[in-house]
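Colleague: The structure's right below; bear with me while I get my questions together.
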Amino acid sequence: MADPSTYRPAPGAIPTSPGVYKFRDAHGRVIYVGKAKSLRPRLSSYFQDLAGLHPRTATMVTTAASVEWTVVATEVEALQLEYSWIKEYDPRFNVKYRDDKSYPELAVTLNEEYPRVQVMRGAHKKGVRYFGPYGHAWAIRETVDLLLRVFPVRTCSNGVFKRARQVGRPCLLGYIGKCAAPCVGKVSADEHRALAEDFCDFMAGRTGNYLRRLEDEMQEAAAELEYEKAARLRDDIGALKRAMEKNAIVLADATDADLLALAEDELEAAVQIFHVRGGRVRGQRGWVTDKVEDVDTAGLVEHALQQLYGGGESVPREVLVPALPDPAEPVREWLGGLRGSQVDLRVPQRGDKKDLMATVQRNAQQALALHKTKRASDLTTRSRALQEIADALELDSVPLRIECYDISHLQGEDVVASMVVFEDGLARKSEYRRFQIRGFEGQDDVRSMHEVISRRFRRYLQEREQTGEWAVPEEDDPDTAAGGTRDEEGRPKRFAYPPQLLVVDGGQPQVAAARRALDELGIDDVALCGLAKRLEEVWLPGEDDPVVLPRSSEGLYLLQRVRDEAHRFAISYQRNKRSKRLTAGELDSVPGLGETRRRALLKHFGSLKKLRAATVDELCEVPGIGRRTAQTVAEALSSRTPAAPAVNTATGEIIEDGAEQAAGPVAAAPQTAPSQETP
């Protein structure tokens, strides 16, 4: 590990001009490329105390052995040079997009005497009209096949075209009407170019006038009894409409824009781009990137724009993004230079474009989730992840069963905990457990973690001592599985067996609390660690420094998934518990009265006010309510002070008959009677 002070430039040696800088390792390889509006403050920030740097930045500067820079005139030139160096050197600490392929586009070679329609990839050529890009080449061929019956432009190669001219016989497409056969003189060069230009106009979105013209010609042919011509025009119109259906109309006619959205977590980000041309989504593409460097959403947007347009991609009039690069003006100027005119780079705020951006965002989220699912479902990857965890934590064997615990609450209320289980790297949802914190009130995550770990393993030890088997929950135990306490045959469900690795969501304090709970119970054969979310550090009990797994480690990725699943499960339970508490009514705490009979009572009497005034005999008239239950309900309601009038918060109306009859959101004054604690 290198000391950054050994290669730090001398004070005053770094210029204050815009420029691009490169960090090299001991072997001379470029490991990071960056740009700056002013080189001196930017480079100086890398040589501060390592404790003040982001962990990824600290890793980079300690890996590097030298730094060099190049001064440029403007920020735009710095942006261009940064992109070219990233493509040339492929630095390991820069954001990298895994899907770096070129996407196919539909091209019309208007620079030739007889324009040709074809699929093209790579850099754009002068004089060629491009449409797309498309996700797959077959999508282009399907569209072209539909349009060739209306616009019979040549699609053959130059060799086939010359050979047909020599022999005086067209190819098959010329015989079946999907090529105008300019090779044998069926149409002149000007007529064929006119067909190609009509084809381009249609692909550019100017479809309305052309369809109306064909419909008028069809009506005229039918009026003149030229039914064959009318039928052919009818089929042409149908083909054009089918081609239009392949591209959803999402924005106003002639809208020319690219929409870029991101979905990210601490380690990875998915980029999705929709290409809208002529108001239609002409293509879609996406990448998944490792967040190697310390970069925020705005930085990811800038990298994505460099990736997208730096290789020669055509720049539209509008580029819509979720966050503007900082600063945004050099990027706008760079895009404008590539396009040759002004480019509107902005974040959509309202209307159809904002709605479409939400669709692109959902696609990015799905792409990231799919990427993670594929990564998690691979057996080889899971095996490697478990082995990496075992090596990093110095375990005797790979942790085939991992349990993770998380605490959730809202400002100290409704404090709950979750336990999730992963076996062989996969979630075992039937073994999930959830806990209510009962030992104290208020907000104390460390104390809550100690209580949960103690309860889970105390019951395990008690049952093992009594029966020699793994612990099972008692019928009235609140720590139950999400699916209930008994299986299909009526036997209590297992509380599972002890894990090889216990993970807590948190840092040193939570790990120390869990270790203390295990020590108090005399358990010393369960490995323990904590995963701190802020920096993704792995903490071990009794250690002052965390274990830092490599960013690309499959083991870190698995631990992150386990921790995130525990967090999700805890949050969902806490929200459900809070929702029940906020919506609890006077009938909820009546012993022996379930949800079905509560609904039956309210439906029969119409409101709590009328229910409270009912006699025992009147209560017995409700189906399913016996005399004993009726007496219990009457006693429970008569012993309580009536609730304050409910208020419809949507209208401000006071509802005298209780919240059950409200049509809108309702707020009510707190009950004066104490509520019973949920077991």
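The values are calculated or read from the model by the stated rules, or taken from the named source; none is laboratory data. Fair warning: this is a prediction, and the values are worked out from it, not measured in the lab. Quick reminder, even Gly has a Cβ in these numbers, built from the backbone with ideal geometry, and neighbours come from all protein chains shown. Heads up: the accessible areas ignore ligands, DNA and RNA and are worked out on the full protein's heavy atoms, side chains in. Shrake-Rupley method; radii C 1.70, N 1.55, O 1.52, S 1.80 Å.
Colleague: Looking only at region 333-346, count every residue that is out of contact with any strand residue (DSSP E or B) (no Cβ under 7 Å at 6 or more places or on another chain) and open to solvent by 40 Å² or more (accessible area, probe 1.4 Å) and tell me the total.
Modeller: 7
Colleague: Within region 396-428, take every residue that is charged (D, E, K, R) and at negative phi and give me the one that is most open to solvent (accessible area, probe 1.4 Å).
Modeller: Asp396
Colleague: Quickly run through region 60-73 and pick out the residues that are of a type outside the set (A, V, I, L, M, F, W, C) and assigned to a helix (DSSP H, G or I).
Modeller: Scanning region 60-73 gives Thr62, Thr63.
Here's the yes/no breakdown for (1) of a type in the set (Phe, Trp, Tyr); (2) at pLDDT below 85; (3) surrounded by 17 or more Cβ atoms within 10 Å (Cβ to Cβ):
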| position | (1), (2), (3) |
| --- | --- |
| Ala243 | no, yes, yes |
| Asp256 | no, yes, yes |
| Leu262 | no, no, yes |
| Gly283 | no, yes, yes |
| Val288 | no, yes, yes |
| Thr297 | no, no, no |
| Leu300 | no, no, yes |
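Colleague: Report yes if Pro325 is under 25 Å from the mean Cα position of the chain (by Cα) and either surrounded by fewer than 17 Cβ atoms within 10 Å (Cβ to Cβ) or at pLDDT 85 or above (or both), otherwise no.
Modeller: Judged against the criteria, Pro325 is a match.
Colleague: Counting just the residues of region 60-78 that are small (Gly, Ala, Ser) and open to solvent by 30 Å² or more (accessible area, probe 1.4 Å), which one comes out nearest to Ala10 (Cα to Cα)?
Modeller: Only one residue tops the list, namely Ser66.
Condition check ((1) in contact (Cβ under 8 Å) with a residue 60 or more places away in the chain; (2) of a type outside the set (S, T, N, Q); (3) not in a strand (DSSP E or B)) across all residues:
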residue	(1), (2), (3)
Asp258	yes, yes, no
Leu262	yes, yes, no
Gln284	yes, no, no
Val288	yes, yes, no
Val295	yes, yes, yes
Ala298	no, yes, yes
Leu305	no, yes, yes
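Colleague: Working only within region 591-622, note down all residues that are within 14 Å of Ala634 (Cα to Cα), in contact (Cβ under 8 Å) with a residue 40 or more places away in the chain and assigned to a loop (DSSP other than H, G, I, E, B).
Modeller: Pro591, Gly592, Leu593
Colleague: Checking Leu501 against (1) open to solvent by less than 10 Å² (accessible area, probe 1.4 Å); (2) over 30 Å from Leu370 (Cα atoms); (3) of a type outside the set (Gly, Ala, Ser), which test does it fail?
Modeller: Answer for Leu501: the failing condition is (2).
Colleague: For region 88-181, list the helices (runs of 4 or more DSSP H) that sit wholly inside it and hold at least 1 residues that are loosely packed, with under 12 Cβ neighbours inside 10 Å and at pLDDT below 80; which are they?
Modeller: 137-148
Colleague: Which one is farthest from Glu329 (Cα to Cα) among residues in region 19-59 that are open to solvent by less than 30 Å² (accessible area, probe 1.4 Å) and in a loop (DSSP other than H, G, I, E, B)?
Modeller: Only one residue fits best here, namely Asp25.
Colleague: Check whether at least one residue in region 484-507 is modelled with pLDDT of 70 or more and at positive phi, and report yes or no.
Modeller: Yes.
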